[in-house]
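As structure tokens, the structure follows; a few thoughts come after it.
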Amino acid sequence: MRFAEHWNWCTVETIRDVTPQIREFRLRPDSGGVPPCPAGSHIGVNVLIDGQPARRSYSLVETNDPSTYRIAVRLAPDSRGGSRGMWSLRAGARIETSNPTSLLDIDWTRQNYCLIAGGIGITPIMAIAAALRRTNIDPTLHYAVKSRGDAAFLDELSAMLGDRLIMHTSDEGARIDLDATFRALPDDAIAVICGPMRMLEAARRAWNDSGRAPADLRYETFGSSGLMPTAEFRVRLKDTDTELVVPQNSSMLDALNAAGFEVISDCQRGECGVCAVDVVAVDGEIDHRDVFFSDQQKRDNRKICPCVSRAIGAITIDTLYRPEAA
């Protein structure tokens, strides 16, 4: 694993709605403070979903209070239930969280940065913008939302960035033009993006078409956003009579491990590829929700990241797990 997880208890100190669909939580660790961590980091949270414990991860929002974690959760009806579990919490509740970690690996030595956020993807991007401002770098932040009423932390962002905050609101017809945005960047610029899967895929295509170095586009995914509805599906295991049902509120990784077909994993966000397993057959369609595999690899359907990716119908996989001989 690239990082060691340590879990500690926190108290939910305050809760407030920052938009009709986004709720902010401030969590105070029992340890008395938040450990140092890079901007754009996230924490794991153990939350109850339908009475069962489950793990979800949320990016840390910029805060001036070193004694609390600040996260924001969008209530998503088409999800695995984590947002419903978080929204059921009340101030004073106790919740277990992991130490902060980051997978973004940003080069902080550049002079030009283009930040792009889609919806709730503003949470890590806001922290990165604040970190750059503390080093006297003025990044441009493109914030894409359905309407201004859906834009979380808009007042804070406006105060931080001024006219370098560029809003793209669908209801006003102001959609972001990624091709034009990337063409206008200086040669040494880095782009950092967090948003839904369609936005990430469009950004990767536009970035590659612009002829820029792939490593200069850094991105983070929601971990649960896909191109298809989140629904129950079936997983068959090669050379066995086993067929598992993956419910809407569970990942394929969780279902496999619970059934004894152990799969090694790391980030559980579709970013590292450690948990990838072989796809033997597809009876339906795969919804690749990772950002590890290339577009061509996703079209080939030879491997899948079970931590986030799902299917419509059924798939047959080979985890390479073999029980020890008696």
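Put in order of Cβ neighbour count within 10 Å, fewest first, the listed residues ILE15, ILE264 become ILE264, ILE15. Remark: VAL263, VAL34 ranked as VAL263, VAL34, counting other beta-carbon atoms within 10 Å and listing the fewest first. Of the trypsin sites (Lys or Arg not before Pro) found in the stretch 170-219, those that fall in a DSSP loop while having at most 12 other beta-carbon atoms within 10 Å are ARG175.
The stretch between ALA93 and GLU172, if pulled fully straight at 0.36 nm per residue, gains 24.5 nm over its current Cα-Cα span.
Shape verdict for the stretch 206-326, please, from the Cα gyration tensor: rounded (a/c under 1.5), prolate (a/b greater than b/c) or oblate. Prolate, because a/c is 1.5 or more and a/b exceeds b/c. Put a plus charge on the Cβ of each Lys and Arg, a minus charge on the Cβ of each Asp and Glu, and nothing anywhere else: the dipole of the chain about its Cα centre is then about 420 debye. Each listed q (0.18, 0.20, 0.22 Å⁻¹) maps to a log10 I(q)/I(0) for the stretch 163-217, found by the Debye formula over equal Cα scatterers with no solvent: -0.64, -0.78, -0.93. Were the residues from ASP138 through ASP17 laid out at 0.36 nm apart, the gain over their Cα-Cα distance would be 40.7 nm. Cβ crowding within 10 Å, taken as a proxy for footprinting-reagent exposure, orders CYS272, CYS37, CYS10 from fewest neighbours to most as CYS37, CYS272, CYS10. One decimal place: the segment ASP188-ARG164 gains 6.8 nm when fully extended, by the rule 0.36 nm per residue minus the C-alpha distance. Mean residue ellipticity at 222 nm, helices only, the chain: -5000 deg cm²/dmol; runs of at least 4 DSSP H residues each add -39,500 (n - 2.57), and the sum is divided by the number of residues. When only alpha carbons are used to place a centre, the stretch 14-52 and the stretch 258-294 end up 26 Å from one another.
Relative to its Kirkwood radius, the Cα radius of gyration of the stretch 40-159 gives an Rg/Rh of 0.98.
Any read-out appearing in this document is the output of simple, stated calculations on the displayed coordinates, not a laboratory observation. Just so we're clear, the structure is a prediction, and the values are computed from it rather than from any experiment. Every residue, glycine as well, gets a Cβ built from its backbone with ideal geometry; the counts of neighbours run over all protein chains shown.
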